[in-house]
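Presented below is the structure to which this report refers.
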Amino acid sequence: MQCSDSIPSAQTGVDVMTWTNPLTLLRHGWTRHWNPDRPVRTVVSNLPFEDLKKREQPNRRYEGNAIRTNKYRLWSFIPMNLFEQFHRMANIYFVGLAILNFVPVVNAFQPEVALIPICIILALTAVKDGWEDFRRYQTDQQLNNTPCFIFSRWKDVRVGDFVRVLSNEIIPADILLLHTSDPNGVCHMETANLDGETSLKQRKVVPGFSSLGEPFQPQTFDSTVVCENPNNNLNLFKGYVERPDKRRTGFGIDSLLLRGCMVRNTDDAAGIVVYAGHETKSMLNNSGPRYKRSKIERKMNTDVLFCVVLLFFMCLIGALGHAIWLETFSSMPSYIVPDSNGNYTPSVLAGFYMFFTMIILLQVMIPVSLYVSIELVKMGQIFFITQDVELYDEELDRRVQCRALNITEDLGQIQYVFSDKTGTLTENKMVFRRCSVMGTEYCHEENGLSLITVRPHRRQKSRQHSSHSYQKMLISETVVVPDRKLMLEVDRQMASIQTGPYLDFFLALAICNTVLVSSVTAQRQRCGLGKVFTSMKFFKRGGETLADPFSIDEDESDGFHSSDVSDAAGQKVISSERKVKSSLSGSEEVCYEAHSPDEAALIHAAKAYGFTMMERTPHYVTVKLPDEALLKFEVLDILTFDSTRRRMSIIVRHPHTKEIIMYTKGADSAIMERLGNVFSDMSQVNSEAKQTAVKTQRDLDMYARNGLRTLCFAKKVISEQEFRAWSAVRQEALSAIEEKEERLMETANFIESSFTLLGATGIEDRLQESVPETIQALRRAGMQVWVLTGDKPETAINIAYSCKLLEHEDLVFTFSTNRKVLQCQLTNASVPEQSLICVSQPASSGKLAFTGPLMEPSIGLVIDGPTLSMAMSDELVEQFVELCKHCRAVLCCRVTPLQKSAVVKLIRQKLRVMTLAVGDGANDVNMIQAADVGIGVSGQEGMQAVMASDFAITRFKHLQRLLLVHGHWCYSRLANMVIYFFYKNVAYVNLLFWYQFFCGFSATAMIDYWLMIFFNLFFTSAPPIMFGIMEKEVSDSTLLSLPELYKRGQHSEGYRRSTFWIAILDAFYQSLVCFFIPYWTYNGSDIGIFAFGTPMNTVSLFTIILHLAIEIKSWTAVHWVIMIGSVLVYFIVTLAYSAICISCNPPSDPYWIMHKQMADPMFYLVCILTTVVALLPR
């Protein structure tokens, strides 16, 4: 009855089905979509409705779990692929001309022959697209047919089904967690397949649905799940479970198992499917590769239009010439054929027809194979970039990744570089260096000296490295040498009162975090899926028993675990430097899984002083004290960190005093402003709290000046009555669907107030290797380098000086948040003439200092987040941009991820410059995607930045070679190749144009049309492709030693409008030479039309090939083979064609013409003389 009561609820929650446009349906199949205006979906169990027909089931309209990432089906491949290819105007142009050639009054060649070039181009592209799509299809089939509990295949899973996932098994759909084998109701999940992060994420069962020690019984589930509609936010999920008695229990992202992730450290987990297939969060985030148009491609499209205009005028000349030529006859000559009625076409109408005939004849003016050649060249360029051994990281065994296939040349045109700081310029390997407790500062200088990194020197050595050595490396990076004075103070409080601010400080370090604890024996063990599935009993729809999917025999379970462990030899050390094994008392060992290096450094600092976190569950956290006693805190609530509050809190009940205590950590500004009335109450001027706050702030400023990352720690004791009232409001906010985030933010801000300050920490994040040298090289190359960071100004400025972003002789402007002062500073500083006497406001002081250099100084700008928001407002943005143009370096501090992307977009759009953004964390994704070129650094903060980037590197120093060497090469190669393509086609087609002046503009060709097709498709196609892939006009060592050479790409010197027109004029000159020297040679002779055209065709080939040979700066064996091979292929094909073609092009035929020409010495003299004269200007 309870289940039947929930049916109306499910049916009333069903949304109205809408249909998308036919093209989308064609792409994705006839998929039903939900009305996006309805914010929630309602899910009930499928088990009570198994006997109903599919169209009568309550969850029938939700998407199935089968996915399809391939674009085509067998029946739709040809029409869809052609539709996509016809997005290129050049393809439409050539197909239109081929169709036009079927019109009898305007055709220039055999209609079928005219279709060959464009059909070959379309076929090659279709084969490439089809192969790529077939590989995606194979991947989809492999994934869809992966076995899982409940059903025999992933593709059969539906919304409302109950699914059980075992340890080390991939999660098949987005599942609301209702049961786990863990007694604390938690499940650990690895999201490396989704976001690249190897640290474990903890998920917990929806409150009230976990029965300790009892198997999950899905048939007893009689509640209704109400959640938000599918979206791609991996960090947000909200909804509630409504029981039959209308009681609601809220849940969030911490109860959702995500498709594609893997269950770790948990024997099994079970839940109900809420999103399946393409509606899962992982699939909604899988948008495929982003398409970016390069700068050269945009210019090239304009030049194609110029060629169209040029073609139009040439055809117009031909049309007018033909009409005038016909008017010169008093009576029509016999070789002009009348129509079927015996009438002759009027000269004006004949000229009009001839216009279209000339378009067909001279169509090669537009390079049809250029686009395909560019794709091949870029694939070759990417291959050589990824194979560069100088960009290979031996320590991580990674090479550079090229994720965007169509913007390689943009690497050579970058003008502005926007970089994150932490993890990009720095190592993101944190070392606990200093701390301040209750206003007393304690230095830990020994920690920096003890940092040891063991790096294998070769890949083979890396693979064979023993787990013991690797553990030694991991431990060495988190070793904290305690300060003697601080240790004595801790021991004193432990021996006397066993309470106090020092103990609270280290308890806050130990428990106010998201670090997970597990024993070494529970670490992630990998095993083959085949072995897992052999121990499974699959449950098919319509089966007799419901209990099978959620229970395994004891023997099978044991067998599974034994194979799991035995298969994991060599995997006992977790492959992440954040997961550090810590030795505890006796033989017990634990493994810390930290989401960030900061948390790992802090928890190991607490451990160094004897405060060791032993266990963490959703409800309890256990800490071992220096005297070996265990404190088991009850966790009442956790207020997670967010970029708005910039702090994190944990609310616990003390096991001895039973007090409710909130420990909080966060940025200094986020804590100091919430210390109650310590600063505002004048009666507390000399109070201990005020003195502690002042001293701590002084220590924080000192840490920041030394380049350390700072955090403040505080506590608050909450009364029972206050907590109960607050908790009720908090639970209402957790159960909300509408404005849930805003309500949760309000509850957090309400309770996080009136703190008692405990102390602060300073953590060192060291610069990566060769960062100063890389920034200097980028500067010498003409690039402006900006650093956008969330750190406080003092820390960021110190790092900026260390990495040579700022020099000590630079004039540095530091802007505060005063609107009037900012307006005045921007107005004065934006005028270059006023830079002779400039005002500098150092970051460490509020006073103004004056300098008066006699020459224009190097200006640096430091601006914080709030000031940046004002500077980018409508009334100040123009002045801000003008000032930035004159700054040698800009440092933006305390900026949010959205501000980072806004800055990149502002500079890119206002200054119209090529931008590059480089970062390593999820907070850099927006910035990376906003830039023309996005670079991801695969570092310590997961792989989100890499997955959103166009190129991925492992070290910031690799940026120097990637841009200065490969960027320069890719740009110059592609620019020269595109110009050469335009030159080649114009030079060749003009031979036909010049002949029209001697044949009455009748659109007659003196070269066989088959040879004209072969000329561009085969004879002259390989050399420019080879040129675009392998040309090195300057060696890599020269480019690295002279970064100034990079400016050629920034100024577009390789591909300017003038360069294009010079190439066109060169093509006209060479075509004149290649036409008129043979013409004058054979003038007055009785040779046939093809015998006259063969020397021109041969001379044109020699001229075009040797023209490219002059352009090549670095010759290799590949160059010689392709250049000579192209000439040999020409002669072989032409000789064979003229030997077998008797009536290929009636009424004329090229039979034996090439053989006769090669037997005539005049042919060789014409070829040599013409080629020399044509290439003389070069």
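The values are calculated or read from the model by the stated rules, or taken from the named source; none is laboratory data. Note that the structure is a prediction, hence the values are computed from the model and not measured. FYI the Cβ positions are ideal-geometry reconstructions off the backbone, even for glycines, and counts take in every protein chain you see. These accessible areas exclude ligands, DNA and RNA; they are computed on the full protein's heavy atoms, side chains included. Shrake-Rupley method; radii C 1.70, N 1.55, O 1.52, S 1.80 Å.
Just a few scattered comments:
- Comparing Gln929, Gln960, Leu906 along the charge dipole axis of region 892-964, the residue lying farthest to the positive side is Leu906, per the Cβ-charge model.
- Cβ crowding within 10 Å averaged over residues, with 751-761, 436-446, 95-105 ranked highest first: 751-761, 436-446, 95-105
- Accessible-area ranking of Trp994, Trp726, largest first, probe 1.4 Å: Trp994, Trp726
- Where only alpha carbons of region 298-444 are counted, the Rg and the Dmax (Å): 33.3, 113
- Between Leu284 and Ser76, the contour length at 0.36 nm per residue exceeds the alpha carbon distance by 72.5 nm.
- Label-point gap, in nm, between Ile317 and Leu1165 - each point 7 angstrom along Cα→Cβ: 3.0 nm
- Rolling a 1.4 Å probe over the heavy atoms of the protein chains gives region 218-305 an accessible area of 37 Å² per residue.
- If R0 equals 30 Å, the separation of the Cβ atoms of Leu1040 and Thr302 corresponds to a calculated FRET efficiency of about 0.35.
- Förster-model FRET efficiency, 51 Å R0, Arg88 and Lys658, C-beta, rounded to 0.05: 0.10
- Only Lys, Arg (+1) and Asp, Glu (-1) charged, at Cβ; region 1057-1178 dipole about Cα centre in debye: 320 debye
- Highest to lowest packing among 361-367, 689-695, 1035-1041, scored as the average C-beta count within 10 Å: 361-367, 689-695, 1035-1041
- Using R0 = 25 Å, the C-beta based FRET efficiency linking Phe998 and Leu1128 works out to 0.20.
- Applying the Karplus relation 6.51 cos²θ - 1.76 cosθ + 1.60 with θ = phi - 60° to region 967-975 yields 3J(HN,Hα) values of x, 4, 4, 4, 5, 5, 4, 5, 4 Hz, where x marks Gly and Pro.
- Interchain or long-range residues, amide H under 5 Å from Val40's placed H: Asn229
- Only Lys, Arg (+1) and Asp, Glu (-1) charged, at Cβ; region 42-145 dipole about Cα centre in debye: 200 debye
- Region 675-814 - Rg over Rh from alpha carbon coordinates, Kirkwood radius: 1.13
- Working note: Karplus 6.51/-1.76/1.60 with θ = phi - 60° gives region 926-931 the couplings 4, 5, 5, 6, 7, 7 Hz, where Gly and Pro are set to x.
- Calculated P(r) of region 368-442 - Cα pairs past 20 Å, %: 60 percent
- Long-range amide H partners of Glu615 with built H, under 5 Å: Thr622
- Here the simple spin-label model places points 7 Å from the Cα toward Cβ, and for Ile336 and Gln217 these points are separated by 10.1 nm.
- Working note: Karplus 6.51/-1.76/1.60 with θ = phi - 60° gives region 430-437 the couplings 7, 10, 5, 10, 8, 8, 10, 10 Hz, where Gly and Pro are set to x.
- 12 Å reach of a label modelled at Arg705, 7 Å along Cα-to-Cβ, counting backbone N of region 758-796: 794-795
- Fully extending the segment from Lys910 to Val729 would add 60.5 nm, taking 0.36 nm per residue of separation and subtracting the current Cα-Cα distance.
- Protection proxy ranking of 214-226, 731-743 - average other beta-carbon atoms within 10 Å, highest first: 214-226, 731-743
- Label-to-label distance, nm, for residues given as Arg61 and Val635 (7 Å Cα→Cβ offset): 3.9 nm
- Estimated at 0.36 nm per residue, the fully extended path between Asn343 and Glu112 surpasses their Cα-Cα distance by 80.3 nm.
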